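Engineer: Sharing a structure below in structure tokens format, with a few things to ask.
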Amino acid sequence: MAIDIPRIPLGDWIETGLDFLTTEYASVTRGISRFTQGGINTINDALAWMPEWALMALIALLCWRVAGIRLAIGSVLGLALIWNMGLWYPMIESLTLVVFATLVAVVIALPVGILGALSDRLYSVIMPVLDFMQTMPAFVYLIPAIPFFGIGSVSAIFATVIFSMPPAIRFTTLGIRQVPKELIEAADAFGSTRGQKLFKVQLPLSLPTIMAGINQTIMLALSMVVIAAMIGADGLGSEVWKAIQRLRPGDGFEAGIAVVILAMLLDRLTQAFRKPVKAR
């Protein structure tokens, strides 16, 4: 005889919670949505106002100053290919979403990671939450974004921040916890306060690890921005989604190549920022 086990209505509880939050805090979410959309539009308009060659020159100059001439030449060739394929403005839209989401994720992640590194009790709470966030399928993060912010780029930012934030928290905590105890004891011997130890010893020494976490955050943000085209986000992901809907594989591969070029450019730039720190 089969045992009839009552089903736990977990999905109903989640829907009830989302309905409550969207009803009670609708004015807050609308304000956040208007502010975020205004920021996105301003950045898009500013980048689109610049001639393509001028923006390419600025990016190449940044790559040359940070990583060297090889990355500068590669950035010009890659961006010229994107321009030639007619994907310049979608690339700008994707870049804006990635930069915006990464900045928000890092602003949230760094304090949380520092607190997790300094408190064992908080560390034991944060790690299971990060494991849960990193193993959750990316598409699931799109579901609660729509009730809060509706269809569009703001929902994409919300989902991207939640999805890309765990590596920055985890690497920040790891970097601070890996600082040699001898250096901490030396700082204590010189009478350093907790703030002095953090900002003059722990954070500078853990900066390469923190930058590795930011690098992973950028890569995850870019992947999520592409997926977020399913909820109306603009950019290269939207071009891929249109190609799927219209059964045009050539257009989809062109947009995919543009995503790869943008990902490689961002990856090499963030990796280059770590080199001077390691040398010092």
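Engineer: Can you pull out the residues in region 41-57 that are touching a residue at least 24 places away in the same chain (Cβ under 8 Å) and acidic (Asp, Glu)?
Structural biologist: Result: Glu52, single match.
Engineer: Can you tell me which of Ile176, Ile184, Ile244, Ile169 is under 23 Å from Arg121 (Cβ atoms), aliphatic (A, V, I, L, M), part of a helix (DSSP H, G or I) and modelled with pLDDT under 85?
Structural biologist: Ile184
This table checks each residue for (1) open to solvent by 40 Å² or more (accessible area, probe 1.4 Å); (2) closer than 19 Å to Met136 by Cβ; (3) touching a residue at least 60 places away in the same chain (Cβ under 8 Å).
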{"site": "Ile157", "(1), (2), (3)": "no, yes, yes"}
{"site": "Phe163", "(1), (2), (3)": "no, yes, yes"}
{"site": "Arg170", "(1), (2), (3)": "yes, yes, no"}
{"site": "Pro180", "(1), (2), (3)": "yes, no, no"}
{"site": "Gly191", "(1), (2), (3)": "yes, no, no"}
{"site": "Phe199", "(1), (2), (3)": "yes, no, no"}
{"site": "Thr217", "(1), (2), (3)": "no, yes, yes"}
{"site": "Ala221", "(1), (2), (3)": "no, yes, yes"}
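Engineer: Which condition number does Ala117 fail, the rest of (1) among the hydrophobic types (A, V, I, L, M, F, W, C); (2) surrounded by 19 or more Cβ atoms within 10 Å (Cβ to Cβ); (3) not in a helix (DSSP H, G or I) being met?
Structural biologist: Unmet condition: (3).
Engineer: So, one more: Which residues, taken from region 81-98, are surrounded by 15 or more Cβ atoms within 10 Å (Cβ to Cβ) and of a type outside the set (Phe, Trp, Tyr)?
Structural biologist: Matches in region 81-98: Ile82, Met85, Leu87, Pro90, Met91, Ile92, Glu93, Ser94, Leu95, Thr96, Leu97, Val98.
The values are calculated or read from the model by the stated rules, or taken from the named source; none is laboratory data. Keep in mind that what you see is a predicted model, and the values were worked out from it rather than measured. All Cβ positions, even for glycine, are placed from backbone atoms using ideal geometry, and neighbour counts span all protein chains on display. What goes into the accessible areas is simple: the full protein's heavy atoms, side chains included, and nothing from ligands, DNA or RNA. Shrake-Rupley method; radii C 1.70, N 1.55, O 1.52, S 1.80 Å.
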